[in-house]
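Only the coordinates and a few stated rules stand behind these numbers; no lab work does. Everything numeric here is computed off the predicted structure, so don't read it as measured data. Glycine gets a Cβ as well: all are built from the backbone with ideal geometry, and neighbour counts include every protein chain shown.
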Amino acid sequence: MHVGPTNSGKTHQALQALAAAKSGVYAGPLRLLAHEIWDRLNKGQIVPAGSSLDPSAAADDDGGTDLLDGRVPTAPPILTKDHNERFARACNLITGEERRIVAEDALVSCTVEMLPFDRFVDVAVVDEIQMIADMSRGSGWTAAVLGLCAKEIHLCGEETAVDVIKDLVQETGDELIVNRYQRLTPLRVADESLDGDFKRIEKGDCVVSFSRTGIFALKDKIEAVTKLRCAVAYGRLPPEIRSEQAALFNDPNSGFDVIVGSDAIGMGLNLKIKRIIFESSRKWNGSRETELSTSQIKQIGGRAGRFGLHGDSSDGGVVTTLYPEDLPAVKIAMDSEIPPISGAVLPINFDAYTTVQQAMPLYKPHFTKVLETTSLFSRTRRPYIHGDSKREAAGIAELLDTTTDHFNMEDTMTWFLSPVHWRDAAARSVATRFLKDHQIRLRVNLKTALREEKLLQVLEQAISAMRARRRVFETRKTMMALETLHKSVILYMWMSQRMPIVFPDIDEALEVKEGAEKAMEYVLQLMTRGTKAKDIVNTLADGPS
């Protein structure tokens, strides 16, 4: 295990071991990180353990992803900017939405749910191991720890996961070595808040809000009051766009000096932040406002003080709040220890559901009753805990029961586990259309469905505006529609990996996905105060017609 706080360099040794291995696999929480590892390994940009490197080689510390968190500037580069044929390793990419196969016996970079358990490897790297306790996705990490066939497994993440992993390893009979890493730059909580004064926001600041509306309201206010331009990063943005926005913020010549984000900044992004400013110490959880947890505050606050933004300054990072009433809660959390995670989440697997289904009469609502019964009769023991697979499981089951008549359990479970944002009414509407086309026509035409949902038209209008270098009407509504479109295309690609006959339009999906990402970049730039459409360079040269 490699454990430590943000900006401690805990992933370095693991990735270097992977780059030096004859066979191996990387598994992480985000497709963006899997893509980054895949790209870097194929280009030879990750320096293998035990290899010597020209001291003059340039380190790549300015990308949008947090691949090498906490590199010491005086140490030899671990990730280089230039391609290096000597270190290049063939690597395949496997995520829920796409597969890029370079060679049959190549290394593998994947999201944790797509880990291959049918091959033996020398080195496996599993990132963000503390997510083993996540009720929605933790079962993927549990499967990785218990099911990977490897000579050595590197688990990277927080100290909070150590006790649970010790319990699991005691059962498997493996040897556990824990390497602990310390933060490389100091971090402190400010003595006072900004007292609501936006004029005190400075270059290098990250202002954190917990709603999409709040993020754009803050962006507008900061740009109006300070004349500083703001990049943005929030959960509804595709990972590719979040990475682009992070790269803009990190680039001293981009003109984007402040970033406004949600808790999405806490994982996967390389952000060279000097100061974190919490707009509030509370967030909406879907039904009511709740206090941020100690873990949430520490993970977000820990993003402050990265090496690189302010030279080799040893001042470190600062955490504060926009308003004085929130500062005490943030200070208490930053000074507190995060309690150990509660356990390792087990999935209720397909076989369990099928067994329960076969023992039950076929009454309606069938899948809802299967879920309820399986949950009622399932038991676990420490350190294992039951996960829901989906927190909104009952709502999804109800939708499947009311929308479908004759799906078998395999199809029902595929939809149940699909990456649909069921709480998002627009995304749910598109998913329901896909679902009905699947049942009635046994074939889902991507562009027809998107056009019927009025989403493809929004993309076409944005592309037309981009090519003509003119403004887009109602930029925020356009942005929301493009976000829904992108999530819907990702869902289509995910289903296509599992049901290619029913979801055959994979080429069109890739085309629309790329067009949507470029359109979102354009619209985000239009939403920056003082930006004129004719001055935007990143226009779409080729895209969907």
Task: Loop-exposed GluC sites (Glu not before Pro) per DSSP, neighbour cap 16 Cβ within 10 angstrom, longest uninterrupted part of the chain - done: 203-336
Task: Net charge, SER342 excluded, C-beta distance under 13 Å - Lys, Arg +1, Asp, Glu -1 - done: -2
Task: Proxy reagent accessibility, fewest Cβ within 10 Å first, across LEU30, LEU376 - done: LEU376, LEU30
Open item on the list: How would PHE198, PHE120, PHE278 line up from fewest to most surrounding beta-carbon atoms within 10 angstrom?
Closed with: PHE120, PHE198, PHE278
Task: Qualifying trypsin sites (Lys or Arg not before Pro) in the stretch 261-351, DSSP loop, other Cβ atoms within 10 Å at most 16 - done: ARG288
Open item on the list: I need the phi-derived Karplus couplings for the stretch 10-22: 6.51 cos²θ - 1.76 cosθ + 1.60, θ = phi - 60°, integer Hz, Gly and Pro marked x.
Closed with: 6, 9, 4, 4, 5, 5, 5, 5, 5, 5, 8, 7, 5
Open item on the list: Please report the net charge: other residues with Cβ closer than 11 Å to the Cβ of ASP326, K and R +1, D and E -1.
Closed with: -1
- [ ] Give, as a single signed number, the net charge of other residues whose beta carbon lies under 9 Å from the beta carbon of MET493, with Lys and Arg counted +1 and Asp and Glu -1.
- [x] -1
- [ ] Please turn the phi angles of the stretch 465-473 into ³J(HN,Hα) values with the Karplus equation 6.51 cos²θ - 1.76 cosθ + 1.60 (θ = phi - 60°), one per residue in order, whole Hz, x for glycine and proline.
- [x] 5, 5, 5, 8, 6, 10, 6, 9, 5
TODO: Work out from phi, with θ = phi - 60° and the Karplus expression 6.51 cos²θ - 1.76 cosθ + 1.60, the ³J(HN,Hα) of each residue of the stretch 262-268, listed in order in whole Hz, and give x for Gly and Pro.
DONE: 9, 5, 4, 6, x, 8, x
TODO: Please label the shape of the stretch 349-535 as rounded, prolate or oblate, based on the square roots a ≥ b ≥ c of the eigenvalues of the alpha-carbon gyration tensor (a/c under 1.5 means rounded; beyond that, a/b larger than b/c means prolate, else oblate).
DONE: prolate
Open item on the list: If each DSSP helix of 4+ residues adds -39,500 (n - 2.57) and the sum is divided by the residues in the chain, what number results at 222 nm, nearest 500 deg cm²/dmol?
Closed with: -12000 deg cm²/dmol
Open item on the list: Please rank THR448, THR374, THR142, fewest neighbouring Cβ atoms within 10 Å first, as an exposure proxy.
Closed with: THR448, THR374, THR142
TODO: Enumerate the amide H contacts of ARG282 below 5 Å, restricted to partners 5 or more residues apart or on another chain; note that Pro and chain-start residues carry no placed amide H.
DONE: LEU292
Open item on the list: Amide H of LEU269 versus every other amide H placed in the peptide plane: which residues, excluding those fewer than 5 positions away on the same chain, fall under 5 Å?
Closed with: ASP66
Open item on the list: When a/c reaches 1.5 or more, the comparison of a/b and b/c decides; with that in mind, is the chain rounded, prolate or oblate per its Cα gyration tensor?
Closed with: rounded
